[in-house]
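**Student:** Below are the structure tokens for one structure; questions will follow.
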Amino acid sequence: PRQAYTAQQLEKLESEFQCDKYLSVQKRIHLSRSLNLTETQIKTWFQNRRTKWKKQLTTSIRELYRDRVVTSVGVLSGLESSLGSSSLAYPLNYK
């Protein structure tokens, strides 16, 4: 069954996650005792949170890449229209 965490538990778990994405055994034991959760619950929460974090990171990187490509294409299109496409093939006009 799914665990419903209290606001205080989630706050502490998120705080620990921001400091360290991977917990040592000692830290996991300490956290489980202080939050009144099992070590397995702590371990599972961190595994799930890392998965969510990696997915968010991947999405952010894709969006940055997409925005950069769109911007580059827009700049390139603007150059072609103002300079003519042949100017881009030989930007320094070497003959």
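**Student:** Output the residues belonging to the range 1-35 that are closer than 20 Å to Lys52 by Cα, surrounded by 15 or more Cβ atoms within 10 Å (Cβ to Cβ) and hydroxyl-bearing (Ser, Thr, Tyr).
**Tutor:** Tyr5
**Student:** Within the range 57-67, identify whether any single residue is in contact with a helix residue (DSSP H, G or I) (Cβ under 8 Å, 6 or more places away or on another chain) and over 12 Å from Leu13 (Cα atoms), and answer yes or no.
**Tutor:** There is no residue in the range 57-67 that is in contact with a helix residue (DSSP H, G or I) (Cβ under 8 Å, 6 or more places away or on another chain) and over 12 Å from Leu13 (Cα atoms).
**Student:** Test Ser60 against the criterion of being at pLDDT below 70 and either of a type in the set (Ser, Thr, Tyr) or outside any loop (DSSP other than H, G, I, E, B) (or both), and give yes or no.
**Tutor:** Against the criterion (at pLDDT below 70 and either of a type in the set (Ser, Thr, Tyr) or outside any loop (DSSP other than H, G, I, E, B) (or both)), Ser60 does not qualify.
**Student:** In this structure, does Leu92 turn out to be outside any helix (DSSP H, G or I) and either on the phi < 0 side of the Ramachandran plot or modelled with pLDDT of 75 or more (or both)?
**Tutor:** yes
**Student:** Something else now. Return yes when Ser82 is at pLDDT 95 or above, in a helix (DSSP H, G or I) and of a type in the set (Ser, Thr, Tyr) and no when it is not.
**Tutor:** On the way: at pLDDT 95 or above: no; in a helix (DSSP H, G or I): yes; of a type in the set (Ser, Thr, Tyr): yes.
Judged against the criteria, Ser82 is not a match.
The values are calculated or read from the model by the stated rules, or taken from the named source; none is laboratory data. Bear in mind the structure is a predicted one, so any value in this text is a computation, not a measurement. Positions of Cβ are backbone-derived with ideal geometry, glycine not excepted, and every protein chain shown enters the neighbour counts.
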